[in-house]
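The values are calculated or read from the model by the stated rules, or taken from the named source; none is laboratory data. Bear in mind the structure is a predicted one, so any value in this text is a computation, not a measurement. Cβ placement follows ideal geometry from the backbone for every residue including glycine, while neighbour counts extend to all protein chains displayed. We work out accessible area using only protein heavy atoms, side chains counted, and drop any ligands, DNA or RNA first. Shrake-Rupley method; radii C 1.70, N 1.55, O 1.52, S 1.80 Å.
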Amino acid sequence: MNPGLEHYLVVSALLFCLGLVGVVLRRNLLVIYMSLELMLNAANLALVAASRFVGNLDGQVMVFFVVTVAAAEVAVGLALIVALYRRRQTAHVEDLTTLRL
Amino acid sequence: METAFTVLALGMLVAAAAAMSLRNLIHCALCLVGAFGGAAGLFLTLGAEFVAFAQVLVYVGAISILIVFALLLTSTRAVETAQPWVPPRGLGPTVAGLVTGLLLAAVGLSPGLPEKTAATSAVSVQELGRELLTRQAPALLAVGLLLTAALIGAVVVALREPPPTSGKEEPPA
C-alpha cells in the first residue's frame, strides 16, 4: 500500500506541533527560531503533498515562494538576534521584557 | 515506497523532537539539519525533485549554517545550564495540544481526500520553470526585490555600532 495524502498530512501536522511546542515552551531565542523553521517545513510538506495528489503545480510554486521568504526571514531574524545579544548579552525571552506593560 | 516513507517520516519527526527539546544548542542545530534532510527525502517520495533540491540547498545548506553562526556569535556557553523550558503554566501545553488535536481531527474527518491516480505523475522541472516565468513572473520579481531588501536590512541591523566615546566632540567637518 502506498502512503496516501492523509499519511503525509498527519506527518506534517505532527511536525507542525513539535515546532509549536518548541516555540511556546522554550526559553532560548535561537531554539524558538529553529522551531519556527520546523513549522514552516511542515507547511511546505503539506503543500507539496496536496500538489502531488491533486495533480496541479500550484502547491509546488507556493513552496518555492515560501522557501524564498523563509530565507529572507532567517537573514533578518538572525541579524536581529545577534544585534540584540550584543546590546543585552542575553538570548533568553524572559530577559526581554522592555515592552511589558 | 511505503518503507521509504515510514523511515523518512519517523526519522524526521524524531530529529525534529530532538531539535526542539535538547539542552545543548549545537545538538539542536545538528538535529535540525536531520529534520530538514528528512523533509527533503519526503519531497523526493512525492516526486517533487526541484523542491527537494531547493530544500537541500536552502535549508540544509544555508539556513543551518546561518543558525550555527548565530550560535557562535551569541552564546558563550552552548549548553543551557538553567531550566531550558518555560515553567508550564498550563496555557502553552494546552494550546499546543489543542492545535495538535484540531489538525489531526481535520485530517481524519475530512471526507474524500484525493487518491493518487495514474494521471498525477511527477512534475518536471521544466513545467515548474515555465509556470514560474509566465504566470508567476510578477511574484518572482517581487520575491527577488524582497530578498535584496532583506539582505541589505540584515547587514544594516547587524552592523557593529561605533563605540559612544566620541559623544562630546564635534565630528570633523
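Taking beta carbons within 10 Å but only from partner chains, what does the mean come to for residues B:44-53?
Partner-chain Cβ atoms within 10 Å, mean over residues of B:44-53: 5.
Within the accessible surface of the protein assembly as shown, defined with a 1.4 Å probe on protein heavy atoms only, the carbon and sulfur portion equals 71 percent.
When the P(r) is computed for the protein assembly as shown, the part past 36 Å accounts for 21% of the Cα-Cα pairs.
When the Cα convex hull of segment A:31-73 is projected onto planes of every orientation, the mean area is 2.6 nm². Once the Cα atoms are used to define both axes, helix A:5-25 deviates from the longest principal axis of chain A by about 10 degrees.
Using a probe of 1.4 angstrom and keeping all protein chains present, the accessible surface of segment A:5-95 works out to 33 square angstrom per residue.
Extent of segment B:1-81 along its three principal axes (Cα atoms, max minus min coordinate, largest first): 44, 22, 10 Å. The eigenvalues of the Cα gyration tensor, multiplied by 5 and square-rooted, give chain A an equivalent ellipsoid with semi-axes of 33, 16, 9 Å from largest to smallest. Ordering A:His92, B:His27, A:His7 by accessible surface, largest first, gives B:His27, A:His7, A:His92; the 1.4 Å probe counts only protein heavy atoms, with every chain in place. Buried between A and B is an accessible area of approximately 6800 Å², summed over both sides with a 1.4 Å probe.
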